[in-house]
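The values are calculated or read from the model by the stated rules, or taken from the named source; none is laboratory data. Please read these numbers as outputs of a predicted model, since none were measured by experiment. Virtual Cβ from ideal backbone geometry, glycine too; neighbours counted across all protein chains shown. We work out accessible area using only protein heavy atoms, side chains counted, and drop any ligands, DNA or RNA first. Shrake-Rupley method; radii C 1.70, N 1.55, O 1.52, S 1.80 Å.
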Amino acid sequence: YKYGAKTGSIPNYRFSKRDRSKWDPKKREAVDALLREIATQHKAENTGDAYSYRLADYIDFARRHPHLKAVDDCVHAYLSYLATVRHVSSSTQDQALNALIFYFRHVKKIEIGKIDAVRAKKSQYIPTVFTKQEINSILDHLRGEYWIMVKIMYGAGLRSGEVLELRVKDIDFGMKRIIVRQAKGKKDRIVPLPESVVDRLQRHIDTTKKTHEQDLREGAGSVKMPDALDVKYPKAAFDFGWQWVFPASSRYTIEATGVQQRWHRDDSALSDMVKAAVRKAGIVKHAKCHAFRHSFATHLLQSGYDIRTVQELLGHSDVRTTMIYLQCAGKGAAVTSPADTL
């Protein structure tokens, strides 16, 4: 399971590398127990990152308020604190609640009662969408594999994590499609492979294959397999089809076994490249990698595709999630302002 890829035991999560050494044993033990349970239930890596952060923050809050003896009282106070003092969004508060329910239910075997905390106000926002001209300008300031990643994010509507976790076998050049495996909600889906990226992507995969062959000659060349498939198929981890499409430039060593493997490119590197390209393109919109997915959906609707098709391509379970893009693709911009008729 990918949580243990870099540690061989306790699942790894991004924020812990800096802070964890400063923790006391009880706090570390609680978070480790949470991550073990998340790994056991095969939940997403981002879930482990988010839940472990929220649990650590809750433990710090509980220690600052020792008078809150009952679990329910402490949880209620913490959630209210997030809304009234930290002024977090409703989604952040919901995430904290889900993390604590998961921890107490599956690790501590305690059921939290009815939540009577102050709730953060839900807000509706319009996602950031690039115009086609802006996307071309951003691509002009990207090179190599990062150009390919952004082209796929926009051309296929993939999340940044979905792009980074692509395996070579997931790219079907013959059928001109990409198979997104075990994405958000543990769902597979099929999306179109942009024709304009095919040549560069094929050359990039050829380069990746040479790197893999060099790793094999040096006694490495295996890759972390999902759901412990390397136990069932020990040789599959060395097959080129299972290798990352965008592997990291260096290998890491699994402490427990001494085996060297290669992880995929880090999401922070992709994010930094996109931010730099947006800045160089002179675009002032507050945009992250996810804006390319927003743009994909919006431009499809503007081109006349029905919302159910867009929902399927995005992998949304509920069409109401997709409907936000109807506002982005609306005709409001085409309305003539009365101020212009004076």
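Across segment 215-231, which residue is modelled with the highest pLDDT among those that are open to solvent by less than 70 Å² (accessible area, probe 1.4 Å) and in a helix (DSSP H, G or I)?
Looking at residues that are open to solvent by less than 70 Å² (accessible area, probe 1.4 Å) and in a helix (DSSP H, G or I), I get 215.
Quick one: what pairs do we get from segment 205-225, first residue free of Cβ contacts under 8 Å to residues at least 24 places away in the same chain and over 20 Å from residue 145 (Cβ atoms), second of a type in the set (Phe, Trp, Tyr) and assigned to a loop (DSSP other than H, G, I, E, B), C-beta under 8 Å, 6+ apart or different chains?
What qualifies is 225/233.
Each row is one residue, and each column tells you yes or no for (1) open to solvent by 40 Å² or more (accessible area, probe 1.4 Å); (2) closer than 29 Å to residue 33 by Cβ; (3) touching a strand residue (DSSP E or B) at 6+ places or on another chain (Cβ under 8 Å).
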| residue | (1), (2), (3) |
| --- | --- |
| 82 | no, yes, no |
| 88 | no, yes, no |
| 97 | no, yes, no |
| 109 | yes, yes, no |
| 115 | yes, yes, no |
| 127 | no, no, no |
| 131 | yes, no, no |
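Among the helices (runs of 4 or more DSSP H) confined wholly to segment 243-342, which include 3 or more residues that are surrounded by fewer than 14 Cβ atoms within 10 Å (Cβ to Cβ)? Break it down into steps so the answer makes sense when it comes.
On the way: elements: 267-280, 290-302, 307-314, 319-322, 324-328.
Those helices (runs of 4 or more DSSP H) span 267-280, 319-322.
Sort out which residues of segment 52-64 are open to solvent by 40 Å² or more (accessible area, probe 1.4 Å) and under 20 Å from the mean Cα position of the chain (by Cα), and write them in order of number. First the steps, then the outcome.
From segment 52-64, those open to solvent by 40 Å² or more (accessible area, probe 1.4 Å) are 53, 60, 63-64; that's our starting set.
Within segment 52-64, 53 is the sole residue that qualifies.
Out of (1) free of Cβ contacts under 8 Å to residues at least 40 places away in the same chain; (2) in contact with a Gly (Cβ under 6 Å, 6 or more places away or on another chain), what's the single condition that is false for residue 72?
Result: residue 72 passes all but (1).
Taking residue 49 and the conditions (1) among the acidic types (Asp, Glu); (2) within 29 Å of residue 292 (Cβ to Cβ); (3) open to solvent by 70 Å² or more (accessible area, probe 1.4 Å), which numbered condition does it fall short on, given that it satisfies the others?
So residue 49 meets the others, but not (3).
For residue 174, all conditions in the list (1) without any contact (Cβ under 8 Å) to a residue 12 or more places away in the chain; (2) in a helix (DSSP H, G or I); (3) not β-branched (Val, Ile, Thr) hold save one; what is the number of the exception?
Result: residue 174 passes all but (2).
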